[in-house]
1. Please compute, for peptide B:255-263, the average count of beta-carbon atoms on other protein chains lying within 10 Å of each residue's beta-carbon.
2. Take the alpha carbon gyration tensor of the range B:151-255, find the square roots of its eigenvalues, order them as a ≥ b ≥ c, and report rounded if a/c is under 1.5; if not, report prolate when a/b exceeds b/c, else oblate.
3. Output the 0 to 90 degree angle, nearest 10, between the alpha-carbon long axis of helix B:86-102 and the longest principal axis computed from the alpha carbons of chain B.
4. Taking 7 Å along the Cα-to-C-beta vector as the label spot, tell me the residue B:315-residue B:16 distance in nanometres, rounded to one decimal.
5. Could you sort A:89-95, A:125-131, B:110-116 so that the peptide with the highest average Cβ count within 10 Å comes first and the rest follow in order?
6. What is the range B:342-410's relative contact order, in percent, from Cα pairs under 8 angstrom and six or more apart in sequence?
7. How many partner chain Cβ atoms sit within 10 Å of a residue's Cβ in peptide A:123-133, on average, as a whole number?
8. Can you compute the helix-only [θ] at 222 nm over chain A? Use -39500 (n - 2.57) per DSSP H run of at least 4 residues, normalise by all residues, nearest 500 deg cm²/dmol.
């Protein structure tokens, strides 16, 4: 009898505060590949998981935003390095999730790694591009520079399970914010593998928290949470009624909203500054000039 | 009216009233739509002088239909205005700036009559900065492609703008100047208690031969503002006012493509360290909370003073408060004018009473207040804790809450312990501490060793529940351009 080895399967869990807990609810849901075949059970995040993730994110915000821009850039580059190392695994995950051809999956992973490198370089340049000295009519030093908004809720895109995910997370953290991410519901597994990369890339625990689950269920808790400062609604693109209700919920504490596009954008296009500038606050500092 | 008050530490001054004969207030005003003053279809309301309670004029209350006409006029004008070369648009803005300077005294007197603010502030602060704002943004109109906001900056369309009563003409300038420079047209609603300088500004637009419909001014109250915000053909909403209304606006525009800028409330900490130059700090505390009767969203309404110098700072502050002159807004020596409305006065009184009831200690200098009109003496509360309502809620009046701290970390903690994040002040001689505090304070404007300074080149706006978007400077352009990425 031929001894065939039985696979050791991975348990796909949440990523909160640098740890990999199961959902507090004890619930999970079946994840299938693009052809509908069972792949794994993913943790089904609950309202309380959202709450725990926001607490972890808030705790991480002070130290992360206080890092030098150079250091944040180094860490984003490090994420790219570790991801590059695990390209075959990501290619397989994307192929399985999205039903992409091997070549298309490879292109997605390449673009995701390159996007991290692109954003890594912005860390110490954004302030120079969007900040400025202000020549006021008086003897004052006066300048304006961007600062992170704080805890950002990110509803990640539903289709693009890796490139789309990286494209909405990187701009949030490179600017010094921290993120609570809700992954694609149907294609969550690349997000969990991405969390494993984050955990081994010198990204402090809590800076990125990833919840697998339903944006329609978790989005309202995130949008209305009084300790969330901004929210990216990309993950509900194509559901205008839901997007509107989330924007209404966000108004209660003037959470900044990056509105959902009509449909998921072409993630291969260069992002521009908007994904970063949506989550910064411009601060102006005055001081008299004198002897 | 009584002359300015005699106070404990002050000199006696003879009355020095500015003549109001320069201003010609009409008995009634219509709406300014499509370049002309027209009758509104709705009812009308009175605007009064808050220092005397006399009725100044009857003003049209724009109905939803009136707002619709104004938005249509703005839409029609948008085509020509947005296609006009920036160089030509700039000339109109320069003209407006010049006419504001030429008619500066008239504007200042009218502002003080309608708002209640001292003439020395309307004359020396409001009106000069208004003119400067139009000059600043005029210069941008033909340079938008150099603003770093994209290669082909395009305007948004029709901007609906709703402004408050505390700086009526200045808030108009903050809204109108950048909107027009970028090629947008506007429908603006001044506050119901202070419509008159906006209506005079409409005349200035006529004198400048501004094309009809580029600026439309509709007077009214909350319903008129709501009609502007909700109008489906308005592309941009800019609002300055209360956080409560700002949240309502955010709900109204949800699901639309409207771009929004909100400048809302504040509860700024003004932090005085033990090494601060105390006399300068006291001047900064006074201007921080008593400028414009404290009707300032970025007012330094929470004084955080380091425990070791608290007694000295308070003693000098009280002495200085005793020299403040409360009274006739048109008197050139007046420091604190009238509270803008009886409603606002009631709110200030209510919160002050709550302050006492919750256990804080109230002090105000002896002050003869005029018998008619709306007045509130400069007031300081000591023994305030972070839980007190006067430490948490915006009073929007000349009322200062004093708290103490021991370490810089405690100062940061207390300063940031508020849902607001508009402004903050820091007083210390130590440069590295200034920069540390500036980085730690979650506020859009940080004044270090100064307070309440404004300039058209300097972006202004809040963190958290103080709103979003910036007005002023290059950042102020982004709010009126497509793809404005700042």
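A short reminder: the numbers here are calculations on the coordinates, not readings from a lab. Everything numeric here is computed off the predicted structure, so don't read it as measured data. Reconstructed Cβ throughout: ideal geometry from the backbone, glycine too, with neighbour counts over all protein chains shown.
1. On the way: counts 11, 3, 1, 0, 0, 1, 0, 1, 0.
Going residue by residue through B:255-263 and averaging, the value is 2.
2. Numbers: a/c = 1.80, a/b = 1.10, b/c = 1.63.
Oblate.
3. Result, in degrees: 50.
4. Placing both labels 7 Å beyond Cα along the Cβ direction yields 3.1 nm.
5. Numbers: A:89-95: 21.0, A:125-131: 17.1, B:110-116: 29.6.
Result, highest mean Cβ count within 10 Å first: B:110-116, A:89-95, A:125-131.
6. Details: 83 pairs, mean separation 22.1, N = 69.
Here the relative contact order equals 32 percent.
7. 2
8. On the way: 10 runs with 123 residues, N = 291.
Helix-only estimate at 222 nm: -13000 deg cm²/dmol.
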